[in-house]
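Accompanying notes for the structure given below.
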Amino acid sequence: MNNIELSIFSNKISAICEEMGEVLRLSSFSPNIKDRMDFSCAIFDKDGNLCAQAAHIPVHLGSMAFAMKDVIETIDWFTGDMVVFNDPFKGGTHLPDVTIVAPVFINNEIIAYVANRAHHADIGSESAGSMPISKHINEEGILISPTKIIEQGELNEEFLQNLIKPMICHQTSRGDFMAQISANHIGLKRLLTLIQETGEKVFQSALDELNQYAQRICLNLIKDIPNGQYHACDFMEDDGFSQNLLKIQVFIKVSDHVIEVDFKGTANQSSGNINCPLSVAAAAVYYVFRCLMPDNTPASAGSFWPIKITAPKNSVINANYPAAVAAGNVETSSRIVDVILAALQKALPDRIPAASYGSMNNIAMGNNEQQDSSDTNNTGSNKKWSYYETIGGGFGASANGDGLSAKQAHMTNTLNTPIESFESHYPLRITEYSIRTDDQKLLEIEANKQNQGGKGLIRCYEFLDDTQVTLLTERRKIAPWGVNGAEDGLVGENLLDGKILPGKTCIKVKQGQKLCIKTPNGGNWRGV
């Protein structure tokens, strides 16, 4: 293929992923998928190498790219099969992120795979929102090892019924699983059409060329980074049980044709839920280097081939079963991005921004205890419900200017749930949703001659019913770092009726109480 033909091919397979995402969004039931768009879609080759992805959630797609080979090798595949899993230690991230994979067969041979991963706000945990303050993976919900949810075209109804049985709203959960299956069906249909149009040999050759092209782009990036070793460390503030800081440390060695990322010295596996599997750490590494590549870089495995990752076993970023991992996927992945950027800032001072807000500001809430009389999502004192969302914050400032305000950064790429949808589904009221501008320190920063970090958000909830709430947040003690002596960003705050709550906590709130989340501002940037 010439360059034009390769570009057209790349856009065609990327468009398939985009269409899969639209089908998933439009056919899903839960606000978490249809409104927040907390899902990702991708295509893999016959060996499990990433071929294409939509611009969805970085932590989903990077982790799938890292682990898909191991997953597909465990299955005896047939035409019409689809496999579901969420096991963090077998290719998943944390239990709410459920993946469904389907093979593309031509002449009884697998040519490729389509896959999607979606966040289920209820995955069977006893804690509302399925994001508990946990010590063991079993406390976090249903662990699904790779299992056929569709066998040779037939839905495994018994398996699906058993899967959704522990969940709060069976109709919603079933609808979301069926939406994921539908997304894969459209991916299979479109990919088969593309293969038939191009021919099998040309299709396979195009995938090889796409990976080789992406690899060349990565190698060109390596040439732009001065050879040497770059080090940084940062900290997780707590694990939900102990207030001890947990170090995340990285050594990045850059040579002519390879980047070696070594996390030696990182804290041991924690008793709390901030652990993550190596696939999540890899997703964070891949994300940072992908951000340094040109916009037209194919979203394929070749762009990561020159990047080598090592991490201590049984560490907080390479945890083993039965470690709790609910917050590792969201909070620890965010800190891994921060520490890699801090190391690279020494190598590329004019390209690397200050730290962004550094927390997905997770809030999970609901009521798992009351009786569900109608199995619908209607609100009211007799209804069970479960909800989860992340809240954006401020981006770090850079040499190019101020950081963006009130945005989702780095490892997440979700939208906020519109207030109209939120309030119509659940017994809650949003009393404030605004950009954070009321802090005296922020006014002082604005007076200095430095690029400002983006501003965080204020999101306040009034509870119209008794509710269980879990917060998994970071950057409540250690502020996002500034660059070249510039001011750090502002730490976040969690307030219940005006009283400060810990960064990670599970509480029961009464009807009429108000919870206010102030998310961190990004760090500031000063030139040298």
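What the table below lists for this structure:
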{"read-out": "Filter result for N3 (without any contact (Cβ under 8 Å) to a residue 40 or more places away in the chain, more than 19 Å from A284 (Cβ to Cβ) and either surrounded by fewer than 24 Cβ atoms within 10 Å (Cβ to Cβ) or not assigned by TED's automatic domain parsing to the domain that holds L155 (or both))", "value": "yes"}
{"read-out": "Residue within the stretch 126-140 that is more than 21 Å from A281 (Cβ to Cβ) and hydrophobic (A, V, I, L, M, F, W, C) present", "value": "yes"}
{"read-out": "Conditions (1) surrounded by fewer than 18 Cβ atoms within 10 Å (Cβ to Cβ); (2) under 21 Å from T414 (Cα atoms); (3) not β-branched (V, I, T); number of the one not met by D70", "value": "(2)"}
{"read-out": "The stretch 474-513, subset buried (at least 19 other Cβ atoms within 10 Å of the Cβ) and acidic (D, E), residue modelled with the lowest pLDDT", "value": "E487"}
{"read-out": "Filter result (in a helix (DSSP H, G or I) and without any contact (Cβ under 8 Å) to a residue 40 or more places away in the chain) within the stretch 56-88", "value": "K69, D70"}
{"read-out": "N32 touching an Asp or Glu at 6+ places or on another chain (Cβ under 7 Å) and either more than 25 Å from F159 (Cβ to Cβ) or in contact (Cβ under 8 Å) with a residue 60 or more places away in the chain (or both)", "value": "yes"}
{"read-out": "Output for the stretch 224-234, where each listed residue is out of contact with any helix residue (DSSP H, G or I) (no Cβ under 6 Å at 6 or more places or on another chain) and over 12 Å from A347 (Cα atoms)", "value": "C233"}
{"read-out": "Filter result for I8 (without any contact (Cβ under 8 Å) to a residue 60 or more places away in the chain, among the β-branched types (V, I, T), farther than 13 Å from V101 by Cβ and not in a strand (DSSP E or B))", "value": "yes"}
{"read-out": "Residue that is under 20 Å from S386 (Cβ atoms) and either of a type in the set (S, T, Y) or in contact with a Cys (Cβ under 6 Å, 6 or more places away or on another chain) (or both), where the choices are I137, I133", "value": "I133"}
{"read-out": "Of all residues in the stretch 11-64 being basic (K, R) and under 17 Å from F177 (Cα atoms), the one that is surrounded by the most Cβ atoms within 10 Å (Cβ to Cβ)", "value": "R36"}
{"read-out": "Filtered residues of the stretch 215-266 (kept if of a type in the set (S, T, Y) and either under 18 Å from S334 (Cα atoms) or surrounded by fewer than 19 Cβ atoms within 10 Å (Cβ to Cβ) (or both))", "value": "S242, S255, T266"}
{"read-out": "Scan of the stretch 339-348 for residues that are of a type outside the set (A, V, I, L, M) and either part of a helix (DSSP H, G or I) or assigned by TED's automatic domain parsing to the domain that holds S398 (or both), ordered by number", "value": "Q345"}
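The values are calculated or read from the model by the stated rules, or taken from the named source; none is laboratory data. Computed from a predicted model, the values in this text were never measured in an experiment. With ideal geometry, Cβ positions are generated from the backbone for all residues, glycine too; neighbour counts draw on all protein chains shown.
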